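Beneath this line is the structure, given in structure tokens, with notes to follow.
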Amino acid sequence: MSDRSAAPSPAPLSDDELRETLDLMATAVASMSDRIDALTAVSDRQIKVSTEARIAAFAAKDQTDPTRHGDALAQTLNAGLGQVATDMAKIVRRLALQTDKTLQALARAEDDRSSALREVVERERKAERLKRRLPWIGLGALVLALALTVTLPRFLASNASTCALLGGTWTTTTTGIDACVFYGE
């Protein structure tokens, strides 16, 4: 287990890559199943051959030494079946390793999906808060525009240079007060 934890974890896989990995695993399992079926057929043939050999040995008991032929037959069977068992053990180890990797990839994909979902929910909450505040912001802008419409010309007309920019004439009234006057023509 320490070998797996020491290795760097691979980059998270996309949905397509996970699908492809699962397809490859399914193909590998199917291939291994076919191989096991083939090995079973070989084993059945070996059992059949060994049975026929025993029958032949009993039939030729007077002509041959059954102990010697039996030992040779046992060694042959042990050598053939021993390799098959070793191959099957290797296959099982590979399947276990691939299963662990797939489980890790699926866990990472679930974590990524959960974090993306949390981000979407947070964005929706922010949008809802903005939607609730938007009417108040609009009302404030409208009140500000009305206030500036009423007060801005008065402040702009309070000195000679801005009065001239507005198209008025700066004059002094008979009472001595300066004023911006707009004469109609």
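A short reminder: the numbers here are calculations on the coordinates, not readings from a lab. Quantities reported herein were computed from a predicted structural model and do not represent experimental measurements. As a convention, Cβ positions derive from the backbone with ideal geometry for all residues, glycine included, and neighbour counts pool all protein chains shown.
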*asked:* Ignoring everything except DSSP H segments at least 4 long, calculate the 222 nm mean residue ellipticity for the chain; use -39,500 (n - 2.57) per segment, divide by total residues, nearest 500.
replied: -29500 deg cm²/dmol
*Gyration tensor verdict on the range 135-181 (Cα atoms; rounded if a/c is under 1.5, prolate if a/b is larger than b/c, oblate otherwise)*: prolate
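Based only on the alpha carbon positions, what is the Kirkwood hydrodynamic radius of the chain, in angstrom?
Values: mean 1/r = 0.0369 Å⁻¹.
With all distinct Cα pairs of the chain included, I get 27.1 Å.
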*What FRET efficiency would be calculated for the residue pair ARG133, ASP100, taking the C-beta separation as r and a Förster radius of 45 Å, to the nearest 0.05?*
0.35
*asked:* Compute the angle between helix 66-156 and the longest alpha-carbon principal axis of the chain, please, reported from 0 to 90 degrees and rounded to the nearest 10.
replied: 10
*About its Cα centre, how strong a charge dipole does the chain have in debye, to the nearest 20, once Lys and Arg get +1 and Asp and Glu get -1 at the Cβ?*
500
*asked:* Just want the answer: with Cβ charges of +1 for Lys and Arg and -1 for Asp and Glu, which residue in ALA85, VAL29, LEU18 is farthest toward the dipole's positive end in the chain?
replied: LEU18
*Return the aspartates and glutamates within reach of LYS131: Cα separation strictly under 20 angstrom, same-chain partners fewer than 8 residues apart disregarded; answer none if there are no such residues.*
GLU119, GLU122
